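Remarks on the structure that follows.
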Amino acid sequence: MQRTDVQNRLLAIDATSESYATDFVRELLAFAQHRQVSDLHLQPTGEGLKVQWRVDGVLQTLGLFPFGTVTSIVARLKVLAELLTYRTEVPQEGRVREGSVSINSQSTIEMRVSTFPTLYGERAVVRFFASQSEYQYLDQLGLPASMAADLGRFLEETTGAILIAGPAGSGKTTTAYACLREVVRKTEGGRSIVSLEDPIEVPVAGVAQSQINSAAGFELASGLKSLLRQDPEVILVGEIRDHETANVAMQASLTGQLVLTTFHAGSAAEAVRRLIDMDVEPYVLRSGILAVLGQRLVRCLCKCASPIESSDELIGLKVERALRPVGCEECQHTGYRGRRVLAELMKMSTVEIGQAILQRHEVQQIQMLSQSAGMISLHDRALNAINEGWTSPAEVRRVLGFRFESGEEPR
Ligand SMILES: [Zn+2]
């Protein structure tokens, strides 16, 4: 692979100089922000420090770099994140205090550093949270207009739960924040809006946001119970991971609160089924859930894409036409630029879906009933996206998994 400007610039820094680590970290973070990287990985190996970053959901290797003879790069990151530099044998986590690293005067990007001891030294991962200016409101997420409108109507409800489901890195939190901002905008401060998050990724004006603190015994489930005594009308609950939180959140949705939450699941139907498996009473789910949004982030093809002629490349997908990624200067030779949301919206409006939940039906049945009630599945949305030419069969397979090929419902 040819060396990129970034590699050249980083390799040009004198590794024997006293300011090596400081210079390296400053340059690297600046490049990372410029390229809208979501995560930065620094892995010590026997040969040097391996640096990788995640762009549009895909990890790319920048290369191997010297650790630094005077000061180490990972130690510099620990200083920025106010971690204990002399403790190298335990995992640590911290956030880079605003303004402590001057990269870009306009920068409001939240950065978190976590370290982990490994064979050749501490590995560090820097996570960049979306900047505040990005994705302000529901209509800016790129959802189909009718879906955004439906979601907007659900956000006007005074009771019930809206679940945002997807795997890690599928943009659930971004959607949740956009929903929250929508509620704030529509009510103009007229509703009591609170959140309980782990962590707070972006501050939202008009919302009383709280962050759980496990070390201090402030947990999600118990915190949520306390929060309910604070007379809230709209609650954003950070990702539901256990029975207790699921139960408290769903009960709240039955008793006069609008609950907004994210949930780890492959599809809307799977989210419902998983909540049943988590022992939330089916009648609570049937009465509480207003809608489930299942979503993924899919990379958009760069304009350098070219038509696919061989059907092999369609990997069994039933589409009329398709494009494949090529690569050019503008897309850093990846063939893709930016990402868009691919989503399905399951509405709990029909009697049949309610019945299926009460009878604890399997994912496939819930899925089928939702589709006959008008839901366009992630699968069909993905085929549309390929037909429309904004993404490729290979990208759809990467994001929705191999089960997708066999025509089964994606997970
Ligand atoms: Zn390109």
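The values are calculated or read from the model by the stated rules, or taken from the named source; none is laboratory data. If you're wondering where the values come from, they're calculated on a predicted model, not measured in any experiment. Using ideal geometry, Cβ is built from the backbone for each residue, glycine included, and neighbour counts are taken over all protein chains shown.
Values computed for the structure shown
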| read-out | value |
| --- | --- |
| Flag for ILE235 being buried (at least 22 other Cβ atoms within 10 Å of the Cβ) and over 18 Å from the mean Cα position of the chain (by Cα) | yes |
| Evaluation of ARG397 against (1) of a type in the set (D, E, K, R); (2) modelled with pLDDT under 90; (3) surrounded by 13 or more Cβ atoms within 10 Å (Cβ to Cβ) (one fails), failing number | (2) |
| Test: residue in region 252-259 that is in a helix (DSSP H, G or I) and out of contact with any Pro (no Cβ under 6 Å at 6 or more places or on another chain) | yes |
| Wholly within region 75-140, strands (runs of 3 or more DSSP E) carrying at least 3 residues that are of a type in the set (A, V, I, L, M) and modelled with pLDDT of 90 or more | 121-128 |
| Which numbered condition GLY335 misses (of (1) on the phi < 0 side of the Ramachandran plot; (2) surrounded by 20 or more Cβ atoms within 10 Å (Cβ to Cβ)) | (1) |
| Index of the failed condition, VAL298 passing every other in (1) within 16 Å of the ligand (Cβ to nearest atom); (2) touching a Lys or Arg at 6+ places or on another chain (Cβ under 8 Å) | (1) |
| Hits in region 157-211 (condition: more than 19 Å from the chain's Cα centre (by Cα) and on the phi > 0 side of the Ramachandran plot) | GLY160, GLU188, GLY189, GLY206 |
| Residues located in region 142-179, provided they are over 16 Å from VAL237 (Cα atoms) and surrounded by 22 or more Cβ atoms within 10 Å (Cβ to Cβ) | LEU143, LEU151, SER170 |
| Flag for ASP312 being more than 16 Å from the ligand (Cβ to nearest atom), within 27 Å of PRO393 (Cβ to Cβ) and without any contact (Cβ under 8 Å) to a residue 40 or more places away in the chain | yes |
| Subset tally (residues that are surrounded by fewer than 24 Cβ atoms within 10 Å (Cβ to Cβ) and hydrophobic (A, V, I, L, M, F, W, C)) for region 266-284 | 4 |
| Members of region 285-308 found to be in contact with a Leu (Cβ under 7 Å, 6 or more places away or on another chain), more than 25 Å from VAL234 (Cβ to Cβ) and buried (at least 22 other Cβ atoms within 10 Å of the Cβ), listed by number | ARG296, VAL298, LEU301, ALA305 |
| Filter pass, THR69 being of a type in the set (Val, Ile, Thr) and modelled with pLDDT of 90 or more | no |
